[in-house]
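Peer 1: Let me begin by handing over the structure; questions about it come next.
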Amino acid sequence: MTRVRTVLVAPALAVVFSALLCAVALLISGDSPLTALRVMITQVGQGTTAVDVLNSAAIYYIVALAVAIGFQMKLFNIGVEGQYRLAACVAAIVGGTVPLPPVIRTVVIILTGALVGALWAAIPAVLRAYRGVSEVISTIMLNAVATGLIAFLIRPDTFGALSGNNITTPPIPESGHFPGLQLGSSGTIFGMILVVAALGTGYWFLLGRTRFGFELKASGESPSAASAGGVDARRMVLIALLMSGAVAGLAGLPELLGRDYAYTLTSPQGYGFTGIAIALLGRNHPVGIAIGALLWAFLDKSAVALDVVGVPREIVLIMQGLIVLSVVIAYEIVRRYELAAEQRRVAAQLRALANTKAPSPEAVSP
């Protein structure tokens, strides 16, 4: 019963908190919460919105998984942004310049993305494991380095080419595309969504059903205790950040292989920071992250629909922030309540045990 209450009460409180706060924000801006809700729901059935939400959610899911892998070991990989952007750039260059047959070209592009992401994450991993350098500091700095490296790689005198007012890598031939599910006028679902589903399943199995997952989380909770139990905490730091980087390196590929077929100066940015919020929103659970990714993508697409009816699109950013804040507050309230309840139960058991062992007055009377 306690477990059920812990699982259900926190999300329920989060929904109530976020709904109330979002309604207050809309009222303050002079807009009707009911009108905004109606517009946000009805826009899903219009045009390609539903497919766009699903495609965006797939990308958000990948970056959130990358962040969550680090969170499982109390590591804050804030460098997902640089890892996925650099990986997408290098993967696009390989896909557009290396002659390979169909299917193999696509596989090589995917493996290149994962490898580049892991290699870029290896730098903060080694610094953290062997020199104790905070991964937060090193990954933030590497984000800036990745931006500069991308700018160098796509220069016209290296691997880039001018295309109007934009600079792009060589286009990936059709043999390297990842075919999607075409739904006519409703749009095309990225084929990489199958890879996303496999990543979620692998994450759930590896961290929740294997000894390795237990050791990884144990190392994050207490490195000294894990070391005493025979776990190499330093090795776990390396593995966790390398895995996080490899997953992050796949985040730019759904759009690269399913829509853009090249990396440009205007390629999407900011997914890595969004993944941090979604990982928090989903509490590092694969199903929770999926729900959070869908919700975030839905709100992103709602901005345009709200703007059409006169509601400032910036209200969506406020909603997203309030939702994350509500989740954090709700889970903290439930955690403190459960901790206090556990303390009361232990105290009651100790009192009962003391009363059981105490001698009766008749036993001590002369």
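Peer 1: So between residue 163 and residue 41, what do we pick up on full extension, going 0.36 nm a residue minus the alpha carbon distance?
Peer 2: Value of the extension gain: 40.1 nm.
Peer 1: Okay, moving on. Decide, for the stretch 77-136, between rounded, prolate and oblate: order the square roots of the alpha carbon gyration tensor eigenvalues as a ≥ b ≥ c, take rounded if a/c falls under 1.5, and otherwise choose prolate if a/b is larger than b/c, else oblate.
Peer 2: Since a/c reaches 1.5 and a/b is larger than b/c, the shape of the stretch 77-136 is classed as prolate.
Peer 1: Using R₀ = 30 Å, calculate the FRET efficiency as 1/(1 + (r/R₀)^6) where r is the Cβ-Cβ separation of residue 130 and residue 338; round to 0.05.
Peer 2: Calculated value: 0.20.
Peer 1: Could you tell me the relative contact order of the stretch 137-232? Use alpha-carbon pairs under 8 Å, at least six residues apart, and round to a whole percent.
Peer 2: Reported relative contact order: 9 percent.
Peer 1: Sticking with the crude label model, points 7 Å out along Cα→Cβ, report the distance from residue 325 to residue 222 in nm, one decimal please.
Peer 2: Distance between label points: 3.6 nm.
Peer 1: I'd like the accessible area for residue 29: 1.4 Å probe, protein heavy atoms, all chains in place, Å² to the nearest 10.
Peer 2: 50
Peer 1: Select from 122, 96, 29 the residue farthest towards the positive end of the dipole of the stretch 1-159; place +1 on Cβ of Lys and Arg, -1 on Cβ of Asp and Glu, and compute about the Cα centre.
Peer 2: 122
Peer 1: How big is the dipole moment of the chain about its Cα centre under a simple scheme where the beta carbon of each Lys and Arg is +1, that of each Asp and Glu is -1, and everything else is neutral? Debye, nearest 20, please.
Peer 2: For the chain, the charge dipole is close to 1060 debye.
Peer 1: Something else about it: Pick out, from 9, 189, 230, the residue whose Cα sits farthest towards the positive end of the charge dipole of the chain, with +1 on the Cβ of Lys and Arg and -1 on the Cβ of Asp and Glu.
Peer 2: Value: 230.
Peer 1: Also, quick follow-up: What is the spin-label model distance, in nm, from residue 307 to residue 29 if the labels are put 7 Å beyond Cα along the C-beta direction?
Peer 2: Taking the simple label geometry, residue 307 and residue 29 are separated by 1.2 nm.
Peer 1: Here's something else I'd like to know. Can you tell me, using C-alpha contacts under 8 Å and at least 6 residues apart, the relative contact order of the stretch 234-312 as a whole percent?
Peer 2: The normalised contact order for the stretch 234-312 reaches 12 percent.
Peer 1: Per-residue accessible area for residue 103 at 1.4 Å probe radius, Å² rounded to 10?
Peer 2: We get 100 Å² for residue 103.
Peer 1: Okay, moving on. How would 201, 274 line up by accessible area, probe 1.4 Å, largest first?
Peer 2: Result, largest first: 201, 274.
Peer 1: Continuing with this model, one more query. Does the chain classify as rounded, prolate or oblate by the C-alpha gyration tensor (a ≥ b ≥ c root eigenvalues; a/c under 1.5 gives rounded; else a/b over b/c gives prolate, otherwise oblate)?
Peer 2: Oblate shape, in that a/c is at least 1.5 and b/c is the bigger or equal ratio.
Peer 1: Quick one: give the max-minus-min coordinate of the C-alpha atoms of the stretch 236-366 along each principal axis, largest first, in Å.
Peer 2: For the stretch 236-366, the Cα extents along the three principal axes come out at 95, 45, 19 Å.
Peer 1: With all protein chains present and a 1.4 Å probe, how do 285, 177 order by accessible area, largest first?
Peer 2: Output order, biggest surface exposure first: 285, 177.
Peer 1: Also, quick follow-up: Kindly report, to the nearest 10 Å², the accessible surface of residue 221 as traced by a 1.4 Å probe over protein heavy atoms only.
Peer 2: Near enough 130 Å² of accessible area.
Peer 1: Moving on. If you average the sequence gap of Cα pairs under 8 Å that are 6 or more apart and divide by the length of the chain, what percent do you get for the contact order?
Peer 2: 32
Peer 1: Just reorder 219, 163, 186, 224 by solvent-accessible area, largest first, 1.4 Å probe, all chains present.
Peer 2: Descending order: 224, 163, 186, 219.
Peer 1: Mind listing the phi-derived Karplus ³J(HN,Hα) values for the stretch 51-63, rounded to whole Hz, using 6.51, -1.76 and 1.60 with θ = phi - 60°, and x for any glycine or proline?
Peer 2: Per-residue couplings from phi come out as 5, 4, 4, 5, 5, 5, 4, 4, 5, 4, 5, 5, 5 Hz.
Peer 1: Please work out the Cα center distance from the stretch 137-194 to the stretch 7-69, rounded to the nearest Å.
Peer 2: 28
Peer 1: Are there trypsin sites (Lys or Arg not before Pro) in the stretch 98-205 that DSSP puts in a loop and that have at most 14 other Cβ atoms within 10 Å, and which ones?
Peer 2: Those that pass, being in a loop and sparsely packed, number zero.
Peer 1: Over the stretch 218-289, consider all pairs of different Cα atoms and compute the Kirkwood hydrodynamic radius from their mean reciprocal separation; express it in Å, one decimal.
Peer 2: 14.9
Peer 1: Still on this structure, I have one more. Go ahead and run the numbers for FRET between residue 140 and residue 352, Cβ-Cβ distance against an R0 of 41 Å, rounding to 0.05.
Peer 2: Step by step, r from the Cβ atoms, then E = 0.20.
Peer 1: Can you grab the distance from the C-alpha centre of the stretch 74-96 to the C-alpha centre of the stretch 237-263, Å, no decimals?
Peer 2: The stretch 74-96 and the stretch 237-263 have Cα centres spaced 6 Å from each other.
The values are calculated or read from the model by the stated rules, or taken from the named source; none is laboratory data. No experiment lies behind these values; they were computed from the predicted model shown. Quick reminder, even Gly has a Cβ in these numbers, built from the backbone with ideal geometry, and neighbours come from all protein chains shown. Accessible surface areas use protein heavy atoms only, side chains included; no ligands, DNA or RNA. Shrake-Rupley method; radii C 1.70, N 1.55, O 1.52, S 1.80 Å.
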